[in-house]
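In what follows, a structure is listed as structure tokens, so that the remarks can point back to it.
The values are calculated or read from the model by the stated rules, or taken from the named source; none is laboratory data. Only a predicted model underlies this, so the values are computations on that prediction, with no experimental measurement involved. Don't worry about glycine lacking a Cβ; one is built from the backbone with ideal geometry, like all the others, and counts go over all protein chains shown. Protein only, heavy atoms only, side chains kept; ligands, DNA and RNA dropped before computing areas. Shrake-Rupley method; radii C 1.70, N 1.55, O 1.52, S 1.80 Å.
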Amino acid sequence: MNCRHCGSPLQHTFLDLGFAPPSNAYLTVDDLKRPEVYYPLKVKVCDQCWLVQTEDYAQAGDLFRADYAYFSSTSSSWLAHAVRYAETMLQELRLDSSSFVIEVASNDGYLLKNFVAAGIPCLGIEPTKSTAAAAEQLGIPVLREFFGEGLGKRLSIEGKQADLVVGNNVLAHVPDINDFVLGLKAVLKPGGIITLEFPHLMRLIENTLFDTVYHEHFSYLSLYTVCRIFAAAGLRVWKVEELPTHGGSLRVFGCHADNARFTEDSVANLLGEEALHGLQRTETYLGFQSRADKIKDDLLAFLIEQKRAGKKVVAYGAAAKGNTLLNYAGVKPDLLPFVCDAAESKQGKFMPGSHIPILGPGKMVTEQPDYVLILPWNIAEEVQQQNSALKKSGSRFVTAVPEITIL
Ligand SMILES: [Zn+2]
């Protein structure tokens, strides 16, 4: 296989998690009677442009099915993050009713609704039917397509270039990253701004966040690599911010390469930090597997120890990262009888691979477990606050990544 950005042969494996079903392929009772499709889950690193990428195995269309269950609006902290972002951009870019904002992967409208409320014309692009329908209910026009250079050029010809193009947690999810970035270039007005948020590879490596690796996530990105991909498309990263989301994300600000805007110091500073973290050295990537294995072993040891001691452990949050962790560790309902999740679209279904049932949060209260393993550790704070009564009655909360921690 060759690198999806620069075409160099990929010679180094960053992480091999064996085989797993797609992380968002939640199963119904009927699905349990059928065979389940497992794909290899192996991540390679390019020693030329340092793009960390999943090995080729299937088309994106198989993964982002019409009933794709992730609704952004389920997380209150993510909604608050979107409100703050919209307020800042409305002010800084002085957007008004003559402006145009496009969000790629607009999901259920969690972000664009803030621009609609401010009277800014918007367009969402979202191939997943269920979330696109939810956004339309909020009055957001949605184009139900995959984004790339073809669609970007078409919108441009239709006079729909944007002052602001937003893409949150989508850059890492696209199979053809060059085509996607060329699409951003095509749909951007001459003086327009792009902002993209994605988990930062430097933090993934630093904190061994191996459970954020799943099939739908094709790329694991450093600022260095994104700058290269932007440059190859005629774009330039002129500013970068570090965000706490997803264990450490970046928000990069892009513009056309020939835009008069200065590149701010934040870009050179973070590129320097990435170099200090060894992101342009092969050895940095080769040491990752053994650290991931230790987390897996420690989780299994914890679950077995509690079971032998007669303690009850359940999980909270049927998130994609939970599926990676549980499937790599081979955890089944004998060790974790159920997972609670607030999203009604997931309740009554089963986790892919592990077949652990997903129930409403009320089940946790009636069961009074000794431990609640929070799978989406990035919202551990929020989960504890929402379930403070459970904590008062003696249940303890636990996270497994980057190490087993009783909160
Ligand atoms: Zn490459």
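Data for the structure
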| item | result |
| --- | --- |
| Given (1) closer than 23 Å to MET1 by Cβ; (2) over 21 Å from the mean Cα position of the chain (by Cα), number of the condition GLY192 does not satisfy | (1) |
| Qualifying residues in the stretch 133-150 (those that are out of contact with any helix residue (DSSP H, G or I) (no Cβ under 6 Å at 6 or more places or on another chain) and hydrophobic (A, V, I, L, M, F, W, C)) - the one surrounded by the fewest Cβ atoms within 10 Å (Cβ to Cβ) | ALA133 |
| Qualifying positions in the stretch 46-98 - at pLDDT 90 or above and within 16 Å of the ligand (Cβ to nearest atom) | CYS46, ASP47, GLN48, CYS49, TRP50, LEU51, VAL52, GLN53, THR54 |
| Any hit, the stretch 166-177, residues being under 24 Å from the mean Cα position of the chain (by Cα), without any contact (Cβ under 8 Å) to a residue 40 or more places away in the chain and open to solvent by 10 Å² or more (accessible area, probe 1.4 Å) | no |
| Residue within the stretch 218-237 that is under 12 Å from the mean Cα position of the chain (by Cα), modelled with pLDDT under 95 and under 22 Å from GLN289 (Cα atoms) present | yes |
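Residues are listed down the side, and each one gets a yes or a no for (1) more than 28 Å from ALA232 (Cα to Cα); (2) open to solvent by less than 40 Å² (accessible area, probe 1.4 Å); (3) free of Cβ contacts under 8 Å to residues at least 60 places away in the same chain; (4) within 16 Å of the ligand (Cβ to nearest atom):
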| residue | (1), (2), (3), (4) |
| --- | --- |
| ASN2 | no, no, yes, yes |
| HIS5 | no, yes, no, yes |
| LEU10 | no, yes, yes, yes |
| LEU15 | no, yes, no, no |
| PHE19 | yes, no, yes, no |
| ASP30 | yes, no, yes, no |
| ARG34 | yes, no, yes, no |
| VAL37 | yes, no, yes, no |
| VAL43 | no, yes, no, yes |
